[in-house]
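Have a look at the structure below, then the notes.
The values are calculated or read from the model by the stated rules, or taken from the named source; none is laboratory data. Treat the numbers as computed from the prediction; the structure is a model and nothing was measured. Here the Cβ positions follow ideal geometry from the backbone for every residue, glycine too, while neighbour counts run over all protein chains shown. Please note that ligands, DNA and RNA were not included when accessible areas were found on the heavy atoms of the full protein model with its side chains. Shrake-Rupley method; radii C 1.70, N 1.55, O 1.52, S 1.80 Å.
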Amino acid sequence: KRPVEPERVERMVNGIVRRLESSGETEIPSTTIGELVMQGLANLDTVAYVRFASVYREFKDIGEFMDELKDLLNAKE
């Protein structure tokens, strides 16, 4: 629901799939996939990243949410 070109989303997903396939692992933990998705979203659309992170990381309070936002802002500098 974000204004991101479908081609960019597809490139991100394809990149994640390639990384997973090239790992040679037959089983991939869901945590690994989640982290790769978070990395991809951070580069693709920061609002989508924050939305995903809030659910994926199960923030318990506003402090955890703010810490994630601060980390994101620091990474962009």
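So how much accessible area does Asp67 have, in Å² to the nearest 10, using a 1.4 Å probe? Asp67 has an accessible surface of roughly 80 Å² with all protein chains in place.
If you take the charge dipole of the chain about its Cα centre, with +1 on Lys and Arg Cβ and -1 on Asp and Glu Cβ, which of Val37, Ile62, Pro6 is farthest toward its positive end? Towards the positive end, the residue furthest out is Pro6.
Considering only protein heavy atoms, what is the solvent-accessible area of Ile28 at a probe of 1.4 Å, reported in Å² to the nearest 10? Ignoring ligands and nucleic acids, Ile28 comes out at about 60 Å².
Computed over the chain, relative contact order equals 27 percent, with contacts defined as Cα pairs under 8 Å that lie 6+ residues apart.
Element breakdown for the chain at a 1.4 angstrom probe: carbon and sulfur atoms account for 54% of the accessible area.
Cross-link reach is defined here as a Cα-Cα straight distance under 22 Å, omitting same-chain residues fewer than 8 places apart; for Lys60 the lysines meeting it are Lys70.
Helix 62-76 and the longest principal axis of the C-alpha atoms of the chain enclose an angle of approximately 60°.
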